[in-house]
Amino acid sequence: MNKPLILITNDDGIQSPGLLATAEALAPIGDLLIVAPHEQQTGTGRSFSKITDRQIYTHSLIVNGQTMTAYSIKSTPAQVVAIALNGLTLRPVTLTVSGINYGLNVGVYTTSSGTIGAALESAVQGVPALAVSLETTPKYCYSHSDDVDFGVAAYFTHYFTERMLRNLPLPHDVDVLKVDIPATATEQTTWQATCVSRKARWRNSSVSKSIWKSIPEDYQLVDNVEGVEPISDTQTTVVDKCISVTPLSVDITSRIPLEHVRALLS
């Protein structure tokens with residue numbers, strides 16, 4: 001019996017150790033199509049860019065001691081996924097896995113994430129997706145540092161991928177599962193089903209309310225978890241130090257009766 005075909009991608013780029021950790025975690029349970037941005041694409045969301053370099057680059061990755069061919073494209077994560085699903089394989093992809101990302105993707109800035117954008121684009125293309133992010137300090141978020149240990153995150157990437165494959169198709173209105181893993185996690189850490197927090201985890205500590213002419217040199221981000229919702233991704237991961245699993249939908253319609261909208265505008 002053929003293994004399922006799994007598309008592996010990310011927003012940190014083809015050279016990311018998190019991408020390799022994902023491939024090594026999933027090789028035992030699937031055939032892999034590894035396609036990632038050629039360069040760092042953190043924070044690009046689900047955007048598409050104008051492609052000026054139409055080349056598809058090939059790379060050799062050593063995955064669990066075996067040489068595998070991987071591909072990179074000079075574009076955003078979402079566009080990479082669209083190209084991969086529509087032009088790099090004749091065989092149907094069963095599941096897309098995006099990650100493992102340097103840094104959590106929790107709260108209202110979730111949609112800014114290229115990791116999440118890649119997963120959502122996969123869902124738009126008809127392929128369910130899993131997006132996995134590991135908590136790191138901010139200095140690692142744009143890096144390929146070997147100081148970050150992806151071992152536990154790889155374990156849970158395998159864990160959730162295996163269960164998703166076993167239970168496809170996903171329920172109606174669940175297109176992506178977003179997994180966020182605290183830095184302190186072990187293989188025994190529990191996980192919780194969560195919602196996306198409406199709070200911004202990060203806030204600006206230094207920029208005044210005057211009109212910006214440039215970003216000050218002392219611009220920095222400060223962790224802010226005050227008032228986060230009890231069952232949110234931020235509360236679960238950052239405060240409770242558990243793993244959060246958040247179902248996402250490509251339908252971003254507000255959950256209110258439509259007659260309320262008519263009343264609002266009448």
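The values are calculated or read from the model by the stated rules, or taken from the named source; none is laboratory data. Bear in mind the structure is a predicted one, so any value in this text is a computation, not a measurement. Every residue, glycine as well, gets a Cβ built from its backbone with ideal geometry; the counts of neighbours run over all protein chains shown.
May I ask you to verify whether Ser16 is in contact (Cβ under 8 Å) with a residue 12 or more places away in the chain and among the hydroxyl-bearing types (Ser, Thr, Tyr)?
Details: in contact (Cβ under 8 Å) with a residue 12 or more places away in the chain: yes; among the hydroxyl-bearing types (Ser, Thr, Tyr): yes.
Judged against the criteria, Ser16 is a match.
Only one of these is of a type in the set (Gly, Ala, Ser) and touching a Lys or Arg at 6+ places or on another chain (Cβ under 9 Å): Gly18, Gly43, Gly30, Gly13. Name it.
Numbers: Gly18 fails: touching a Lys or Arg at 6+ places or on another chain (Cβ under 9 Å); Gly43 fails: touching a Lys or Arg at 6+ places or on another chain (Cβ under 9 Å); Gly13 fails: touching a Lys or Arg at 6+ places or on another chain (Cβ under 9 Å).
Step by step, each of Gly18, Gly43, Gly30, Gly13 is checked, and only Gly30 is of a type in the set (Gly, Ala, Ser) and touching a Lys or Arg at 6+ places or on another chain (Cβ under 9 Å).
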#### Entry: Subset of segment 12-48 (residues that are among the aliphatic types (A, V, I, L, M) and not in a helix (DSSP H, G or I))
Ile14, Ala27, Ile29, Leu32, Leu33, Ile34, Val35, Ala36
### Message
Being modelled with pLDDT of 95 or more and closer than 28 Å to Leu168 by Cα is the requirement here; does Leu85 meet it?
### Response
yes
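Name the one entry in Leu130, Leu170, Leu165 that is buried (at least 24 other Cβ atoms within 10 Å of the Cβ), under 19 Å from Ala193 (Cβ atoms) and in contact (Cβ under 8 Å) with a residue 12 or more places away in the chain. If you could, list the steps in order and put the result at the bottom.
On the way: Leu170 fails: buried (at least 24 other Cβ atoms within 10 Å of the Cβ); Leu165 fails: buried (at least 24 other Cβ atoms within 10 Å of the Cβ).
Testing whether each residue is buried (at least 24 other Cβ atoms within 10 Å of the Cβ), under 19 Å from Ala193 (Cβ atoms) and in contact (Cβ under 8 Å) with a residue 12 or more places away in the chain leaves just Leu130.
Could you please let me know if Ile51 is assigned to a loop (DSSP other than H, G, I, E, B), of a type in the set (A, V, I, L, M) and in contact (Cβ under 8 Å) with a residue 12 or more places away in the chain?
Answer is yes for this residue.
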### Task
Collect the residues in segment 17-57 that are closer than 25 Å to Val152 by Cα, of a type in the set (Ser, Thr, Tyr) and modelled with pLDDT of 95 or more, keeping them in residue-number order.
Thr22
## Note on the structure
Within segment 20-37, the residues that are surrounded by 20 or more Cβ atoms within 10 Å (Cβ to Cβ) and touching an Asp or Glu at 6+ places or on another chain (Cβ under 7 Å) are Pro37
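How many residues, within segment 131-188, are charged (D, E, K, R) and part of a helix (DSSP H, G or I)?
Initially, segment 131-188 is screened for residues charged (D, E, K, R), giving 135, 139, 146-147, 149, 162-163, 166, 173, 175, 178, 180, 187.
Narrowing further to those that are part of a helix (DSSP H, G or I): 139, 162-163, 166.
Residues that pass the stated criteria total 4.
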### Query
What is the residue count in segment 152-181 for residues that are out of contact with any helix residue (DSSP H, G or I) (no Cβ under 7 Å at 6 or more places or on another chain) and of a type in the set (Val, Ile, Thr)?
2
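Among the residues in segment 51-58, are any touching a Phe, Trp or Tyr at 6+ places or on another chain (Cβ under 7 Å) and not aromatic (Phe, Trp, Tyr)? Even if it seems obvious, please write down each step before you answer.
In the first step, residues of segment 51-58 are kept if they are touching a Phe, Trp or Tyr at 6+ places or on another chain (Cβ under 7 Å); the result is 56-58.
Then drop every residue that is not not aromatic (Phe, Trp, Tyr), which leaves 56, 58.
Yes; the residues of segment 51-58 include at least one that is touching a Phe, Trp or Tyr at 6+ places or on another chain (Cβ under 7 Å) and not aromatic (Phe, Trp, Tyr).
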